[in-house]
Amino acid sequence: MTAHSLNARRLLCPLPVIRTQDKVKQLQSGDTLEVICTDPGVMQDIPTWCRINGHKVLSAENIDGEYVIVLEVN
């Protein structure tokens, strides 16, 4: 398992989800991906995308005005 990070700051929907999807395609099952965003819509969009695609959301937090979602790749 390897931890990865994706900077999706200043991107508006649907770009954070598209960038997340592109990054996940490069990862192995069991890897984690931390996605850092400034668009509040990701708090619903990325968990929904994860549920549809079989990935697991480990955490979703608002930290100092940034939205940080950590997911585990299936």
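The values are calculated or read from the model by the stated rules, or taken from the named source; none is laboratory data. Predicted model, so just to flag it, every value in this text is computed and none were measured. Cβ atoms come from the backbone with ideal geometry, glycine included; neighbour counts cover every protein chain shown.
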Pairs, first modelled with pLDDT of 95 or more and surrounded by 12 or more Cβ atoms within 10 Å (Cβ to Cβ) in the range 1-12, second part of a loop (DSSP other than H, G, I, E, B) and among the aliphatic types (A, V, I, L, M), C-beta under 7 Å, six or more apart: His4/Leu27
Residues of the range 45-74 satisfying the condition of being touching an Asp or Glu at 6+ places or on another chain (Cβ under 7 Å) and either touching a residue at least 40 places away in the same chain (Cβ under 8 Å) or among the charged types (D, E, K, R) (or both): Lys56, Val73
Every residue from the range 21-31 that is touching a residue at least 40 places away in the same chain (Cβ under 8 Å) and surrounded by 11 or more Cβ atoms within 10 Å (Cβ to Cβ): Val24, Leu27, Asp31
Filtered residue count, the range 32-62, keeping only those that are surrounded by fewer than 16 Cβ atoms within 10 Å (Cβ to Cβ) and either modelled with pLDDT under 95 or of a type in the set (D, E, K, R) (or both): 4
Every residue from the range 1-36 that is closer than 17 Å to Ile63 by Cβ and hydroxyl-bearing (Ser, Thr, Tyr): Ser5, Thr32
Residue match in the range 47-70 (condition: more than 14 Å from Arg9 (Cα to Cα) and aromatic (Phe, Trp, Tyr)): yes
